[in-house]
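Following: one structure in structure tokens, then a few remarks.
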Amino acid sequence: MIYQNQKQQYDLGSLLYSDLLDTDRSLNHTEQNYVKSVYDYLVAIINYQKALVNINQHPIKNTTPPEQLDLCPMFDANDWLTKMVKLYKP
């Protein structure tokens, strides 16, 4: 949304092209950080699941099964991965 606003300002002549490029660069950097964070989150889930397998081989009482844990209620990894595949599909 910020980029679109600045693009409109540039189109109207009230913003320098270099400022628009700075905004675009910042937006790209933010998106890359988001993708890396999601990747790190997914790797953490896999590592957590691997740890649970090891624990299940040597069970500890009163552990919560992984399907009952709400690891991140605001984030659906499968939905995100589907969107990313569609977005970057050649």
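Points worth noting:
- Within the range 1-46, tally of residues that are of a type in the set (Phe, Trp, Tyr) and touching a residue at least 12 places away in the same chain (Cβ under 8 Å): 2
- Where helices (runs of 4 or more DSSP H) sit wholly within the chain, those with at least 3 residues that are at pLDDT below 70 occupy 17-57, 77-88.
The values are calculated or read from the model by the stated rules, or taken from the named source; none is laboratory data. Bear in mind that the values here come from a model prediction, so they are computed numbers and not experimental data. Cβ sites come from the backbone with ideal geometry, for glycine too, and all protein chains shown count toward neighbours.
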